[in-house]
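The values are calculated or read from the model by the stated rules, or taken from the named source; none is laboratory data. Since the structure is predicted, the reported quantities are computational estimates derived from the model, not experimental observations. Here Cβ is always computed from backbone atoms with ideal geometry, including for glycine, and neighbour counts include all displayed protein chains.
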2 protein chains.
Amino acid sequence: MHVSLSCLTKPVLHGYFRSSCSWRVRIALALKGIEYDQVPVNLIKDGGQQLTDQYKALNPMQQVPAFTIDGITLSQSLAIILYIEETRPGPRLFPTDPQKRAQVRMISDLIVSGIQPLQNLYVLQKIGAEKVQWAQHFILRGFEALEPLLKQTAGKYCVGDEISVADICLVPQVYNAERFKVDISQFPTIKRLNETLLEVEAFKASHPSCQPDTPSDLRS
Amino acid sequence: MHVSLSCLTKPVLHGYFRSSCSWRVRIALALKGIEYDQVPVNLIKDGGQQLTDQYKALNPMQQVPAFTIDGITLSQSLAIILYIEETRPGPRLFPTDPQKRAQVRMISDLIVSGIQPLQNLYVLQKIGAEKVQWAQHFILRGFEALEPLLKQTAGKYCVGDEISVADICLVPQVYNAERFKVDISQFPTIKRLNETLLEVEAFKASHPSCQPDTPSDLRS
C-alpha cells in the first residue's frame, strides 16, 4: 500500500513569534483547529536566519512565513491561508456572499499590500535612523483609510458578524502599530474590533507573547 | 417591474493609464470580455487628482484603481479581480487544482505585496531624490525571488499553460521595472513570460500606451 508521506506528517510553519505575517497564518491554523509544528526563524539573531541559503530555498523572498503542507512549501501569508481554506474543513474564513467576500479581500489587501510591506523589517533596515517615524507615517496613512471602510462593513467583526481573513489581518497589524507607538484610540472602530478579537481563543493561542520562540522577557 | 440600476449601467473603472494596479484590472476585464467605462484619475495633474475629497470617498487610500460595479465601489486590484472572477462568466483566472491555485496566489502576492507597494508613487514621493535607486533596489530584490519560483511553476504562462492572475500581476510589474531601467535580461523566465503575454490580445488592448488618458506623446 502506498501512503503519501504528506498524510503522515504535520504541516510545518517556519515563522517568527513577532512577525505579523507569521501570526496571520497561526490565527488561521488555530481557527481551523489544524495541528502543526513550528520551526522558528529568528529575524534578528545571527544577522537574520531568514538570509541563510537553507531558508532561501524555502522562500526566495527571505521572509517569514513559509509553510510546508501536502508536499509543497508555500510563502506569502494570504496564499497559505487561502490554501488552508480550500483544502481543510473547519469554520470558513470568507463569507459566502460575493460582495461581502470582496469587502473582506479589500480590507485584507489594504493591510497586506498597503500597510505591512512599508513597515517590514527589510524596508526599515534600509530607512535607517528615521525608521520609527517612517513606520508611523505609513501605519497612520493606512489606518486613516481603514477606519471609514470598517465603519461601513463591520458588525461584531470586520465584515459582519463572522470572523474572516480581514480579522486575521487586522489584529497583527494593530499589534505592529502599538509596537511603533501609534495611538490606536483615534481609530475607534479599529480599536473596538481589535479588543473584541483579542478575546477569541484562536487569537489568544497564536499571540506573539506565547509562541515557542518568544523570549522569556516578552512572555505573558 | 423593478429593474436594478446596476444591471443597466456599465461598471466604471477609476484608474490611470500608467498605474500598474489599474492595468491589472484592465487585463482582467479584457480577458473576461467585460465592457466598462473609464474615468481617468490623473495622479500627477492638479497635485494628484486621487487626493480630492470626491475621490477619497471612492477609495479612502487615495490610490487607483477604484471600481464601481453592481452598486458597490471596490478598491485594491486583487479584490476587484476576484469579485469579477466570482460573479462574471468567461475564462477562469485561477486554475482548478488547489496547489496550482496556491502557486498563482503566492506569485501574485509576491508582486502585489512584496514589490509594487515599495515603488508606489506615494512612497517614492516620500523617498525624494533617491527614488530611482530605491525603486530599482526593491524591484531587483523581488525579481531575484520571483525568477526561481517562476522557473518551477511556469509552462507557457506563469503557472502552467493557462493565463491566470499571476500573469495579470507580472506584466504590469515588468512594465514598471522597465520604467525604472531595471535590466530584465538577467531574469530569463520573467523576460520570456512577459514577451509571450504581451502578444495576448487582452494584454495589448489594456496596455498603458493606448488608454483614453494616455498622453499623445506616449501613445503607440
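Here are the numbers:
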| item | result |
| --- | --- |
| Enumeration of residues in region A:75-91 that are under 28 Å from A:K56 (Cα atoms) and more than 7 Å from chain B (Cβ to nearest Cβ) | A:S77, A:I80, A:I81, A:I84, A:E85, A:R88 |
| Any hit, region B:11-30, residues being surrounded by fewer than 17 Cβ atoms within 10 Å (Cβ to Cβ) and among the small types (G, A, S) | no |
| Per-region count, region A:115-134, residues outside any helix (DSSP H, G or I) and closer than 19 Å to B:G128 by Cβ | 0 |
| Verdict on B:Q50 being in a helix (DSSP H, G or I), free of Cβ contacts under 8 Å to residues at least 60 places away in the same chain and more than 8 Å from every other protein chain (Cβ to nearest Cβ) | yes |
| Test for A:S164: is it within 21 Å of B:S77 (Cβ to Cβ), at the interface with another protein chain (Cβ under 8 Å from one of its Cβ atoms) and among the hydroxyl-bearing types (S, T, Y) | no |
| Any hit, region A:149-164, residues being touching a residue at least 12 places away in the same chain (Cβ under 8 Å), touching a Phe, Trp or Tyr at 6+ places or on another chain (Cβ under 7 Å) and part of a helix (DSSP H, G or I) | no |
| Single residue of region B:92-125 satisfying the filter (more than 10 Å from chain A (Cβ to nearest Cβ) and within 30 Å of B:L51 (Cα to Cα)) that is surrounded by the fewest Cβ atoms within 10 Å (Cβ to Cβ) | B:Q125 |
| Test set (1) within 22 Å of A:V174 (Cβ to Cβ); (2) exposed (fewer than 14 other Cβ atoms within 10 Å of the Cβ) - A:P89 fails condition number | (1) |
| Options B:T73, B:T52, B:T68: the member that is surrounded by 15 or more Cβ atoms within 10 Å (Cβ to Cβ) and either over 21 Å from B:Q211 (Cα atoms) or among the aromatic types (F, W, Y) (or both) | B:T73 |
| Residue under evaluation A:Q136, criteria (1) surrounded by fewer than 16 Cβ atoms within 10 Å (Cβ to Cβ); (2) out of contact with any Leu (no Cβ under 8 Å at 6 or more places or on another chain), criterion not met | (1) |
| Qualifying residue in region B:170-185 (condition: away from chain A (no Cβ under 14 Å) and under 18 Å from A:Q76 (Cα atoms)) | yes |
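A quick yes/no check of all residues on (1) outside the structural domain of B:P117 (by TED's automatic domain parsing); (2) over 17 Å from the mean Cα position of the chain (by Cα); (3) of a type in the set (F, W, Y):
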| position | (1), (2), (3) |
| --- | --- |
| B:A145 | no, yes, no |
| B:L170 | no, no, no |
| B:Y175 | no, no, yes |
| B:L197 | no, no, no |
